[in-house]
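Notes for the one structure printed next.
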Amino acid sequence: MECAVESEGMHYEGNCIRPPSEAYSILLQVTVGCSHNKCTFCGTYTGKRFRIKEDRMILSDILFASKYMKRQDRVFLMDGDALIIPQKRLMWILDRIREHLPWVRRVGSYANAKSIKMKSPEELIQLKKNGLGILYLGVETGDAELLKEIRKGTSAENLINMGRKVRDAGIKLSVTVLLGIAGRQRSLEHARATGELLSAMDPNYVGALTVMLIPGTPLYDDFESGKFELPDERGFLLELREMIAHTNLSRGLFFSNHASNYLPVKARLPKGKQQALDQIDGALNGEIELRPEWTRAL
């Protein structure tokens with residue numbers, strides 16, 4: 001989604017990206033851009049040089065929210081990776097939220113493997129005590145070679161360890177995986193490896209999105225040249241089925257209800273796994289209609 005700039009309100013720069021579950025949250029832009037910004041499929045922060053916004057600007061937005069956003073009880077820290085902010089400054093931001101927005105029940109942020117690694121277990125616990133209740137981690141795939149190809153800057157093993165680190169600190173963990181990111185030929189291998197990674201990480205939430213080709217990105221260039229080929233609708237469904245079949249969570253929610261997906265699925269695992277697989281089978285057999293192409297979007 002895009003946020004319009006309010007001249008006497010919140011100060012936003014460029015696109016404001018947030019998880020679907022943060023749709024009704026106070027969107028507080030504390031960083032601009034993404035600290036990694038190298039993924040081959042992502043065009044979200046193109047042209048944005050990463051930086052942390054000035055404290056006075058952040059405080060100004062918090063004070064604006066304290067006057068005009070009293071019905072919203074969650075805060076989401078943007079842009080791509082607010083957890084990368086040094087601990088002292090991040091604690092200061094959380095302190096100001098608690099001071100001026102005392103009704104806020106939870107603060108959330110995107111994270112990546114690097115920013116989680118930079119925080120000690122004790123620092124993550126401090127952040128949890130100060131209001132940070134959930135982190136959103138882009139995993140994309142559990143396939144080791146594919147992680148290198150899409151330039152995630154981390155390994156499957158490291159992603160598992162960083163996810164567990166977040167959970168051990170008592171912070172809820174929501175991870176994103178990408179259907180179609182392996183292309184047509186390696187679709188099922190990607191699905192199986194991703195299910196195995198999710199099982200080892202055991203996050204609270206899993207959100208499966210379908211890769212959307214964005215002009216100007218390396219992945220789009222590969223598509224244009226014929227190097228990368230997306231699965232068809234049936235291929236996407238088979239990939240989703242394989243991924244869920246290989247995902248074993250102790251008590252987590254698996255979603256594929258993002259607007260980019262052909263089939264919305266919502267299942268609490270492990271109890272709801274078979275129901276989700278049956279739903280996908282119904283779609284594969286033509287018994288359940290898929291989302292029309294024209295309605296799909298990021």
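Listed here are the residues, each with its yes/no results for (1) assigned to a loop (DSSP other than H, G, I, E, B); (2) touching a strand residue (DSSP E or B) at 6+ places or on another chain (Cβ under 6 Å).
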| site | (1), (2) |
| --- | --- |
| LEU147 | no, no |
| LEU159 | no, yes |
| ARG167 | no, yes |
| SER174 | no, yes |
| ARG184 | yes, no |
Looking only at the stretch 168-192, and only at residues there that are out of contact with any Gly (no Cβ under 8 Å at 6 or more places or on another chain) and within 21 Å of ARG18 (Cα to Cα), the one that is surrounded by the fewest Cβ atoms within 10 Å (Cβ to Cβ): LEU178
Residue among VAL75, VAL30, VAL107 that is more than 30 Å from LYS266 (Cα to Cα) and modelled with pLDDT of 95 or more: VAL30
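Going through the stretch 6-32 one residue at a time, which ones are of a type in the set (Gly, Ala, Ser), more than 15 Å from the chain's Cα centre (by Cα) and either closer than 26 Å to ASN257 by Cα or exposed (fewer than 14 other Cβ atoms within 10 Å of the Cβ) (or both)? Give the steps one after another, and end with the answer.
Within the stretch 6-32, the first condition is being of a type in the set (Gly, Ala, Ser), and the residues that meet it are 7, 9, 14, 21, 23, 25.
Filter once more, so that each one left must be more than 15 Å from the chain's Cα centre (by Cα): 7, 9, 14, 25.
Matches in the stretch 6-32: SER7, GLY14, SER25.
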Please name all residue pairs, on different chains or six or more residues apart, with Cβ atoms under 7 Å, provided the first residue is in the stretch 136-160 and is without any contact (Cβ under 8 Å) to a residue 40 or more places away in the chain and the second residue is among the aliphatic types (A, V, I, L, M). LEU147/ALA156; SER155/ALA144; SER155/LEU147
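Which ones in the stretch 33-63 are of a type in the set (S, T, N, Q) and more than 21 Å from the chain's Cα centre (by Cα)? First the steps, then the outcome.
Residues of the stretch 33-63 that are of a type in the set (S, T, N, Q), as a first pass: 35, 37, 40, 44, 46, 60.
Residue satisfying the conditions is SER60 alone.
Sort out which residues of the stretch 251-266 are at pLDDT below 95 and of a type outside the set (D, E, K, R), and write them in order of number. Explain how you work it out, then say what you get.
First, pick out the residues of the stretch 251-266 that are at pLDDT below 95: 251, 255-266.
If the condition is that a residue be at pLDDT below 95 and of a type outside the set (D, E, K, R), then PHE255, SER256, ASN257, HIS258, ALA259, SER260, ASN261, TYR262, LEU263, PRO264, VAL265 are the ones that fit.
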If a residue has to be under 16 Å from TYR136 (Cβ atoms) and part of a helix (DSSP H, G or I) to count, how many in the stretch 72-94 make the cut? 4
Quick check: is even one residue across the stretch 73-82 over 18 Å from the mean Cα position of the chain (by Cα) and surrounded by fewer than 16 Cβ atoms within 10 Å (Cβ to Cβ)? yes
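The values are calculated or read from the model by the stated rules, or taken from the named source; none is laboratory data. All values reported here derive from a predicted model rather than from experimental measurement. As a convention, Cβ positions derive from the backbone with ideal geometry for all residues, glycine included, and neighbour counts pool all protein chains shown.
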